[in-house]
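Okay, structure first, notes after.
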Amino acid sequence: MYFYQPSEGHGLPHDPLNAIIGPRPIGWIASQDSEGRHNLAPYSFFNCFNYRPPIIGFSSNGWKDSVRNITETREFVWNLATRELASAMNETSASLPHDEDEFTFAGLTPVASRVVAPPRVAESPVNFECRLSQCIQLTGADGAPIDTWLVLGEVVGVHIHEGLLEEGIYQTAKANPILRAGGPSAYYGISENERFDLVRPDARRS
């Protein structure tokens, strides 16, 4: 077994953490500041944390525009990044001035949300409109704060392209989502050929 202590470095060509904890869904986050200027950025530390109410969240290394906007306005939108939108999603990771719009830069269309003020990505087949529930500065095991922020939001509106619903069931693979993996450039997709099903033990006993 290869062993290392992160505080002393991993001794490898690239930090393996992101490759081990992967693939990970992409937090493609749309927000706007108090003056209505748009921001759109992808975050690879993203997931869903609760059913009722639905809570999703992403982590930002540094106090970036997304975090600043969301703490100001208390609203944001998550957009599903698909294979077809991969290049545009990647473009929105560019470090732009605060007043430059990533929607325009990446050739994407902002469309009005139903419940919150920040726009959705019109080209994305799934969007979650969210209101901020918590913004937490992370700490190390010693309690010392680090320059990383966990943003959690309650999903208050959901948009799903009807073509992704079959008999009312959302088809994950049909959406063709992309997932972040290890290394500086690796992404993966989801294929129905890779699907397998497991029934929980409690369900088998019922």
TODO: With r as the distance between the Cβ atoms of Ser93 and Gln134 and R0 = 22 Å, compute the FRET efficiency 1/(1 + (r/R0)^6) and round to 0.05.
DONE: 0.35
Task: Part-to-part distance (alpha-carbon centres) for region 120-183 and region 7-21, which is given in Å - done: 25 Å
- [ ] Report the one residue of Ala203, Val77, Pro6 whose Cα lies farthest in the direction of the positive end of the charge dipole of the chain (charges on C-beta: Lys and Arg +1, Asp and Glu -1; origin at the Cα centre).
- [x] Ala203
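Treat every Asp and Glu Cβ in region 167-206 as -1 and every Lys and Arg Cβ as +1, leave all other atoms uncharged, and give the resulting dipole magnitude about the Cα centre to the nearest 20 debye. It would help to have the intermediate numbers written out before the result.
Working: 6 positive and 5 negative charges, 30 e Å.
Dipole size: approximately 140 debye.
Counting other beta carbons within 10 Å of each residue's own, what order do Val121, Val111, Val199, Val155 fall into, fewest first?
With the sparsest Cβ surroundings first, the list reads Val199, Val111, Val155, Val121.
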Open item on the list: Quick check for me: using +1 on Lys/Arg Cβ and -1 on Asp/Glu Cβ, what's the dipole size of the chain about its Cα centre, in debye to the nearest 20?
Closed with: 660 debye
- [ ] Rank the residues Phe58, Phe49 as a footprinting-exposure proxy: fewest other Cβ atoms within 10 Å of their Cβ go first.
- [x] Phe49, Phe58
Task: Estimated inter-spin distance, Asp147 and Glu84, nm [label 7 Å along Cα→Cβ] - done: 3.9 nm
TODO: Evaluate E = 1/(1 + (r/R0)^6) for Ser191 and Ala112, where r is the Cβ-Cβ distance and R0 equals 41 Å; express this FRET efficiency to the nearest 0.05.
DONE: 0.75
Open item on the list: Show me the three semi-axes of the equivalent ellipsoid for the chain, from the C-alpha gyration tensor (sqrt of 5 times each eigenvalue), largest first, rounded to whole Å.
Closed with: 26, 25, 19
Open item on the list: Helix-only mean residue ellipticity at 222 nm, the chain, DSSP H runs n ≥ 4 weighted -39,500 (n - 2.57), per residue, nearest 500. What is it?
Closed with: -3000 deg cm²/dmol
Open item on the list: Please arrange Trp63, Trp149, Trp28 by how many other C-beta atoms lie within 10 Å of their C-beta, fewest to most.
Closed with: Trp63, Trp149, Trp28
- [ ] Could you compute the FRET efficiency for Phe3 and Cys48, with r as their C-beta to C-beta distance and R0 at 41 Å, rounded to 0.05?
- [x] 0.80
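In debye, nearest 20, what is the charge dipole magnitude of region 1-109 about its Cα centre with +1 on Lys and Arg Cβ and -1 on Asp and Glu Cβ, if you could check? Before the final figure, lay out each step's value.
Details: 7 positive and 13 negative charges, 104 e Å.
Around 500 debye, computed over region 1-109.
Bear in mind these aren't lab numbers, they're just calculated from the coordinates by the rules spelled out. Everything numeric here is computed off the predicted structure, so don't read it as measured data. Please note: Cβ atoms are built from the backbone with ideal geometry, for glycine as well, and neighbour counts cover all protein chains shown.
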